[in-house]
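Take a look at the structure below.
The values are calculated or read from the model by the stated rules, or taken from the named source; none is laboratory data. This structure is a prediction, so every number in the text was calculated from the model and none was measured. Cβ placement follows ideal geometry from the backbone for every residue including glycine, while neighbour counts extend to all protein chains displayed.
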Amino acid sequence: MAWLALALLWPVLSAAATPATQPLVLVDQQPSVNAWPHVRMLPDASRHLGVQHMLARLPEFTPPTGAEGTLGVRQDAVWLHLPLSVAQAPAHPWILSIDYPVLNEVDVYLTENGAVVQQALMGNLRPFSDRPLRGRTPSMMLNLQPGQQYDLLVRVRTGGAMIVPLVLSKAPVLLPQALREQMLQGLLAGLALCLVVYSLNQWVSQREKLFLFYALLVTGSAGFSIQFFGIGSQFLWSDNHWMEVHAASAAGLLALAASFLFMGHALAGDQARSRFLALMHGGATLCGLVGIAFLTDLIDTRQATAFLSLFGPLPSLLSLPLAIKRVRQGDTVSATLLAAWLAYFVAAAVMVGLVQGWAPLSFWTLHSFQIGATVDMLLFLRVLALRTDALRAATDDALRERDAMRALAYTDALTGLPNRRGLQLALNSAISLCAPNRLVAVYLLDLDGFKPINDLHGHDVGDDLLVAVSHRLQDHVRRKTDVVARLGGDEFIIMAADLLRAEQAEDLGNALLHAFREPFVMSHLQMHVGLTIGYALAPIDAAEPRELIRLADAAMYKGKQSGKHCLIRNDASMALTA
């Protein structure tokens, strides 16, 4: 019977043996206190129990399990109990703050001797204007009197992670901390805005879709952070319940859709038939459909969050095999994407650990995903820079190819001189500017004695001789105003512009005749060739390029008939033999 009596009395004896929870004593010498080590908790599965019911059950509260500051993902409500007192009248009021903005319901009760002396109903799904202190996180000022013992009860209920960083601080400590956090969020939001503006500007100017996808990705990531850290409810959409419910998940879905598109086009380019690109487009389309369903309330936040959790890593996982293959081939874009994915997975792992209650709460764990997202954005910006370099290189190649094609169309392949088309362009331009005191002369030149040399020594020697002739002609014209062209065979044509009088044209022609008195020395051969030149002047003889060339050709033909090695100005001029 003794063991039965002991069994019946054991709960009472064990409760009596358990030391009473010692209150947290607040002193001015320690103006900021992490209250979590002093907290006890009690779940409320019904989610409807009130403060008086919890006051009657204070002995049932137990220390939280798991990592500091986080209770994991829970569907029930949780009550936290913190006994406290102040040693002396505080110079500044004590402020309770919970530095996690996206808790849906946060009910705070300050009780004394079982009676509620202060209370506040807060949370991101409650009106912002009802908060005792209108900051980005739940906080309230406590009216504590020295010598009194209080029981602080905090009821928390939320649809996601139950992260509850309870801190008691004085205003001179809390306000600078709040300002530093706002400064950080402002800098990151400003960086995101600059990246969005830059990428949109590049998209408009270059019409490169990758810049648009990057802008959407940054917008979604920044929108999620703005909501997650309470900046949206504090500054942008205060008391807008719809935005508070939809902003974070909608931004996450936008970022996920943009991730599919960005990674797809970064790795596959514009290969319209690529299966990988089609798969990534399918993922983006699915995200868009889920986003529409969420914004029209066909699915709720919990379902949208489940979709994001399931599909969030998918763009990286689908891209990984192709990226590794490209890295082995020396692709810098793929190497940069792999570095970005590594940063993402590390940040995501830390955040998952915090959300699930495995990793302790700290500045770094709370901001891990935001830091990882920022690193990703900067690495993705590097991808854009590499793509821009590739586009610039492709443009340069296209321009070089265009110039090469143009050179083939307007340049003689053997001598490198302009051909008939190239001369026509220069001649049209020069004749449009000619005047009685600004003459243009067109000389048609035919080599005398070239055919026998070509027949005797072969085409290779003949080609070398034509190249040497082109060089000699270029050496005896004015570089800035005159153009030497080859019409074909052993026919050349020269255009001389900006001549003040007709005598200058005659002098230039005679100088060309004189230049061919000297033989051409090529290897062990000495070869003599002469010139027969016919020429015409614009606007004196003709004002049309075609007519000018016809007159010069007729003059040259007449020179051939009258003995060669001469200079003749159209069919009415007199031959001047050298």
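Descriptive notes on the structure:
- Residue in region 331-343 that is farther than 20 Å from Ala268 by Cα, in the same structural domain as Ala268 (by TED's automatic domain parsing) and out of contact with any strand residue (DSSP E or B) (no Cβ under 9 Å at 6 or more places or on another chain) present: yes
- Residue-level check: of (1) surrounded by 13 or more Cβ atoms within 10 Å (Cβ to Cβ); (2) at pLDDT below 90; (3) farther than 30 Å from Ala390 by Cβ, Leu310 misses just (1).
Conditions tested, residue by residue: (1) crowded, with 17+ Cβ neighbours inside 10 Å; (2) assigned by TED's automatic domain parsing to the domain that holds Leu216.
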residue	(1), (2)
Gln370	yes, yes
Leu379	yes, yes
Leu384	yes, yes
Ala390	no, yes
Ala404	no, no
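- Qualifying residue in region 286-300 (condition: closer than 30 Å to Asn104 by Cβ, modelled with pLDDT under 90, surrounded by fewer than 22 Cβ atoms within 10 Å (Cβ to Cβ) and over 21 Å from the mean Cα position of the chain (by Cα)): yes
- Criterion: part of a loop (DSSP other than H, G, I, E, B) and not polar (S, T, N, Q) - qualifying residue of Gly559, Gly563, Gly534: Gly563
- Trp203 satisfies every condition listed in (1) within 30 Å of Val350 (Cα to Cα); (2) touching a residue at least 12 places away in the same chain (Cβ under 8 Å); (3) of a type in the set (A, V, I, L, M, F, W, C) except (1).
- Any chance Met140 is surrounded by 18 or more Cβ atoms within 10 Å (Cβ to Cβ) and free of Cβ contacts under 8 Å to residues at least 40 places away in the same chain: no
Yes/no matrix, rows are residues, columns are (1) more than 29 Å from Val333 (Cα to Cα); (2) in a helix (DSSP H, G or I); (3) modelled with pLDDT of 90 or more; (4) of a type in the set (Val, Ile, Thr):
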position: Leu212; (1), (2), (3), (4): no, yes, yes, no
position: Ala215; (1), (2), (3), (4): no, yes, yes, no
position: Val218; (1), (2), (3), (4): no, yes, yes, yes
position: Phe224; (1), (2), (3), (4): no, yes, yes, no
position: Gly232; (1), (2), (3), (4): yes, yes, yes, no
position: Ser238; (1), (2), (3), (4): yes, no, no, no
position: Trp242; (1), (2), (3), (4): yes, yes, yes, no
position: Ala247; (1), (2), (3), (4): yes, yes, yes, no
position: Leu253; (1), (2), (3), (4): no, yes, yes, no
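- Against the list (1) surrounded by 14 or more Cβ atoms within 10 Å (Cβ to Cβ); (2) over 30 Å from Leu567 (Cβ atoms), the condition Arg400 fails is (1).
- Test: residue in region 160-182 that is assigned by TED's automatic domain parsing to the domain that holds Asn34, within 23 Å of Pro313 (Cβ to Cβ), over 14 Å from the mean Cα position of the chain (by Cα) and surrounded by fewer than 20 Cβ atoms within 10 Å (Cβ to Cβ): yes
- Selection status of Ala409, among the aliphatic types (A, V, I, L, M), in contact with a Lys or Arg (Cβ under 7 Å, 6 or more places away or on another chain) and not assigned by TED's automatic domain parsing to the domain that holds Tyr557: yes
- Among residues that are touching a Cys at 6+ places or on another chain (Cβ under 8 Å) and either in a helix (DSSP H, G or I) or surrounded by fewer than 21 Cβ atoms within 10 Å (Cβ to Cβ) (or both), Ala257 is included.
- Residue in region 83-103 that is touching a residue at least 40 places away in the same chain (Cβ under 8 Å), within 42 Å of the chain's Cα centre (by Cα) and more than 18 Å from Val167 (Cβ to Cβ) present: no
- Within region 530-550, tally of residues that are buried (at least 19 other Cβ atoms within 10 Å of the Cβ) and in contact (Cβ under 8 Å) with a residue 60 or more places away in the chain: 11
- Summed over region 193-211, the residues that are buried (at least 19 other Cβ atoms within 10 Å of the Cβ) and either within 8 Å of the chain's Cα centre (by Cα) or of a type in the set (Gly, Ala, Ser) (or both) give a count of 4.
- Considering residues of region 395-419 that are part of a helix (DSSP H, G or I) and over 38 Å from the mean Cα position of the chain (by Cα) only, the residue modelled with the highest pLDDT: Tyr410
- Output for region 479-499, where each listed residue is among the charged types (D, E, K, R) and not in a strand (DSSP E or B): Arg479, Lys480, Asp490
- Hits in region 84-131 (condition: of a type outside the set (A, V, I, L, M), surrounded by 17 or more Cβ atoms within 10 Å (Cβ to Cβ), at pLDDT 95 or above and touching a Phe, Trp or Tyr at 6+ places or on another chain (Cβ under 7 Å)): Thr111
- Exactly one residue out of Thr305, Thr285 is in a helix (DSSP H, G or I) and under 21 Å from Gln370 (Cβ atoms): that is Thr305.
- When region 53-82 is filtered for residues that are assigned to a helix (DSSP H, G or I) and either in the same structural domain as Leu361 (by TED's automatic domain parsing) or free of Cβ contacts under 8 Å to residues at least 12 places away in the same chain (or both), only His53 remains.
- Residue within region 139-151 that is assigned to a helix (DSSP H, G or I) and of a type in the set (Phe, Trp, Tyr) present: no
- Exclusive hit being crowded, with 22+ Cβ neighbours inside 10 Å, without any contact (Cβ under 8 Å) to a residue 60 or more places away in the chain and either not assigned by TED's automatic domain parsing to the domain that holds Leu82 or not aliphatic (A, V, I, L, M) (or both), set Gly190, Gly223, Gly186, Gly232: Gly232
Residue-by-condition table, conditions (1) closer than 16 Å to Leu361 by Cβ; (2) in contact with a Lys or Arg (Cβ under 6 Å, 6 or more places away or on another chain):
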| residue | (1), (2) |
| --- | --- |
| Met41 | yes, no |
| Met54 | no, no |
| Arg57 | no, no |
| Pro64 | yes, no |
| Gly72 | yes, no |
| Trp79 | no, yes |
| Ser97 | yes, no |
| Val102 | yes, no |
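- Test for Val156: is it surrounded by fewer than 18 Cβ atoms within 10 Å (Cβ to Cβ) and not polar (S, T, N, Q): no
- Among the numbered conditions (1) under 29 Å from Arg546 (Cβ atoms); (2) at pLDDT below 90, the only one that Leu381 does not meet is (1).
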